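Everything below concerns the one structure shown next.
The values are calculated or read from the model by the stated rules, or taken from the named source; none is laboratory data. Predicted, not measured: the structure shown is a model, and the values here were computed from it. Note: ideal-geometry Cβ built from the backbone for every residue, glycine included; neighbour counts use all protein chains shown. SASA here: full protein model, heavy atoms, side chains in, ligands and nucleic acids out. Shrake-Rupley method; radii C 1.70, N 1.55, O 1.52, S 1.80 Å.
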Amino acid sequence: MRDFLMRVASFDPLYFSTSNSLASRYAALCGLVQVLLTVCAFCSYAYVGYLLTNNEVEAAIVGAIFSFFLFIFYRLSLLTSNRYDYCTDTIKKVNVIATFIKLTFMSLNILFFIYAFEMLLCKDALDDMLQQSQAPDGIISRIKILIGKMPGANLMTFVLYIIFMGPIIGRYLFAPLSHEYDFTKTKHEEKMIQSAYDSFLLNYTNLIRFHSQGKAADIIYERMKNPPFDTTLQKQSVATVAEEELYAYLDQKL
């Protein structure tokens, strides 16, 4: 069950050290939270869909589509929420910007789900308040009532936000929850990429030399700094000759 929950949350049990039980429990908790989020999202979005369409079949379709996308976005956020403590300063700066964008995007998604969930939980109270205020029945009207006339709903919003955003934010804030896993996973992937590249380079070199009859021995991959991770070409010195040798060469050609 723990391995299943890890995979649901995009974690690979292979990369968890047996000594780091805290990180493995955290990964399983992420999977459990994601399962609960998806189930609650389906119910909530189906209810919102019913408010919009007044049709149960269409409401179920709306709930399935929106809960599926929330599941995918949440899983991607967990998958790409790396701390990069062991990377260069440039990558860390880029990661800060990417982190801000991902957290903002997921916060909006989670807040939209929370309001839909609260509309489902507080359905009867919202119906009574709408009748008393004679406000038009709609999603915006219900959200306004939740925010402005139901203080308990604001507390519920805050608590639910912490619960569902906690796994994603925890990946950034607490190194023990992510550093060892990310480091082990990165090193394993680097080894796999290097092995595949070495195999490709050997086959490619043999193929080029065979078709060029051994003349094309110098291939561009040999001039890169650290392929396949750094494909920048190394600087090569330009061959020069003495002035007398140049004139002698030109005289032969002329």
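Note on segment 137-200: the alpha carbon radius of gyration divided by the globular reference 2.2 N^0.38 Å gives 2.08. Counting only aspartates and glutamates at least 8 places from residue 123 when in the same chain, those with an alpha carbon closer than 14 Å to its own are 137. Extending 7 Å from Cα along the Cβ direction at residue 188 and again at residue 100 yields two label points whose distance is 3.3 nm. The label point for residue 2 and the one for residue 147, both projected 7 Å from the Cα toward the Cβ, are 4.3 nm apart. According to the calculation over all Cα-Cα pairs in segment 104-163, the P(r) per 5 Å bin from zero is 4, 18, 32, 23, 13, 6, 3, 0 %. For segment 153-163, 3J(HN,Hα) computed residue by residue from phi via the Karplus equation (6.51, -1.76, 1.60; θ = phi - 60°) reads 5, 5, 5, 5, 4, 5, 5, 5, 5, 5, 5 Hz, glycine and proline entered as x. For the pair residue 57 and residue 210 in one chain, pulling the backbone fully straight at 0.36 nm per residue adds 48.7 nm over the alpha carbon distance. Annotation: per residue accessible area for segment 122-198 equals 59 Å², rounded to a whole number [probe 1.4 Å, protein chains only]. Can you tally the net charge around residue 165? Count Lys and Arg as +1, Asp and Glu as -1, for every other residue whose Cβ sits under 12 Å from the Cβ of residue 165. Net local charge, residue 165 excluded: +2.
Using only alpha-carbon positions in segment 34-83, the gyration tensor eigenvalues give semi-axes of 26, 8, 7 Å once each is multiplied by 5 and square-rooted (largest first).
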